[in-house]
1. Which of the residues spanning region 52-76 are over 30 Å from Thr11 (Cα atoms) and either open to solvent by less than 60 Å² (accessible area, probe 1.4 Å) or modelled with pLDDT under 90 (or both)?
2. Which one is modelled with the highest pLDDT, of the residues in region 19-39 that are hydroxyl-bearing (Ser, Thr, Tyr) and closer than 13 Å to Leu70 by Cβ?
3. Considering only residues that are in contact with a Ser or Thr (Cβ under 8 Å, 6 or more places away or on another chain) and either touching a residue at least 60 places away in the same chain (Cβ under 8 Å) or within 12 Å of Asn66 (Cβ to Cβ) (or both), which ones fall in region 1-18?
4. Would you confirm whether any residue within region 26-39 is touching an Asp or Glu at 6+ places or on another chain (Cβ under 9 Å) and open to solvent by less than 80 Å² (accessible area, probe 1.4 Å)?
5. Can you pull out every residue in region 21-71 that is of a type in the set (D, E, K, R) and outside any helix (DSSP H, G or I)?
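The values are calculated or read from the model by the stated rules, or taken from the named source; none is laboratory data. Keep in mind that this is a model prediction, so the values were computed, not measured. Glycine also receives a Cβ, built like all others from the backbone with ideal geometry; neighbour counts cover every protein chain displayed. Just the protein is used for accessible areas: all its heavy atoms, side chains included, with ligands, DNA and RNA removed. Shrake-Rupley method; radii C 1.70, N 1.55, O 1.52, S 1.80 Å.
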Amino acid sequence: MSTVVTIKNETPVRDHVVWSLFNTIFMNYCCLGFIAFTCSVKSRDRKMVGDVIGAQSYASTAKCLNIFALVLGIVLTIMFIILCIAAPVVIADMIQLMKESFQHS
């Protein structure tokens with residue numbers, strides 16, 4: 001008589017919850033971070049139930065949303081910094097031009 005032990009080969013599914021939480025708190029442009037966090041939690045739920053395919057699907061969606069939120073956040077932050085640096089220069093030039101036009105009138 002023999003005993004057969006079946007060992008389940010469990011593939012680890014990364015749910016990206018921490019990354020999604022970071023994007024939700026710091027880079028939540030267009031609510032992408034919150035949507036990614038929702039997908040991450042759904043991925044974790046699917047993993048706990050044993051639905052590996054569903055967990056991988058939600059994890060993939062969360063990863064794509066996190067990448068997009070991170071890139072969008074970095075680009076918008078850089079644009080904001082450039083705007084904060086360039087705006088005073090442009091405003092000063094416009095004031096100077098207005099002063100010159102009033103002096104010539």
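1. Within region 52-76, Leu72, Gly73 qualify.
2. Ser20
3. Asp15, His16, Val17
4. Taking every residue of region 26-39 in turn, at least one turns out to be touching an Asp or Glu at 6+ places or on another chain (Cβ under 9 Å) and open to solvent by less than 80 Å² (accessible area, probe 1.4 Å).
5. Within region 21-71, just Asp51 meets the criteria.
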